[in-house]
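As structure tokens, the structure follows; a few thoughts come after it.
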Amino acid sequence: QVQLVESGGGSVQAGGSLTLSCAASRLAFTTYAMGWFRQAPGNEREFVAAISWSGGSTDYTDSVKGRFTMSRDNAKNTVVLQMNSLKPEDTAVYYCAAARGFTIIRSPYNYNYWGQGTQVTVSS
């Protein structure tokens, strides 16, 4: 079955950086837009970033614009979320997701596959 496996989470001090990766398997990767979402305790899952199938278009939630960068490597079936200038409010479990047939999509309900999540903790 399709697998999305995130890696790269961890603990960092405010102002630091982390790089999250998501490796996809058993997926026609270039036919999927990819997204990153996050969920903090007690909160709903929220959109963070998305990238089109080609990598030519990206979208970010306002709170991460200028700090986070999403990219994809279709030859390696991977997406990366580079997170800089991290803030304590970025603390959450981060999920990678795949949406078939869309360019850029923010709604989690349109994503077909999800990873298991990776914890990011930012201390002040």
Can you tell me which of Gly42, Gly66, Gly101 moves the most in a GNM of the chain? Springs connect C-alpha atoms under 10 Å apart. Gly42
How would Ile51, Ile104 line up by accessible area, probe 1.4 Å, largest first? Ile104, Ile51
Under a Cβ-only charge scheme (Lys and Arg +1, Asp and Glu -1), can you give me the dipole magnitude of the chain about the Cα centre, in debye to the nearest 20? 240
Cβ charges +1 (Lys, Arg) and -1 (Asp, Glu), total dipole of region 31-70, debye: 120
In region 49-124, carbon and sulfur make up what percent of the accessible area (probe 1.4 Å)? 48
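The values are calculated or read from the model by the stated rules, or taken from the named source; none is laboratory data. Because the structure is predicted, anything quoted here is derived from the model rather than measured. As a convention, Cβ positions derive from the backbone with ideal geometry for all residues, glycine included, and neighbour counts pool all protein chains shown. Calculation scope for accessible area: heavy atoms of the full protein, side chains included, ligands and nucleic acids excluded. Shrake-Rupley method; radii C 1.70, N 1.55, O 1.52, S 1.80 Å.
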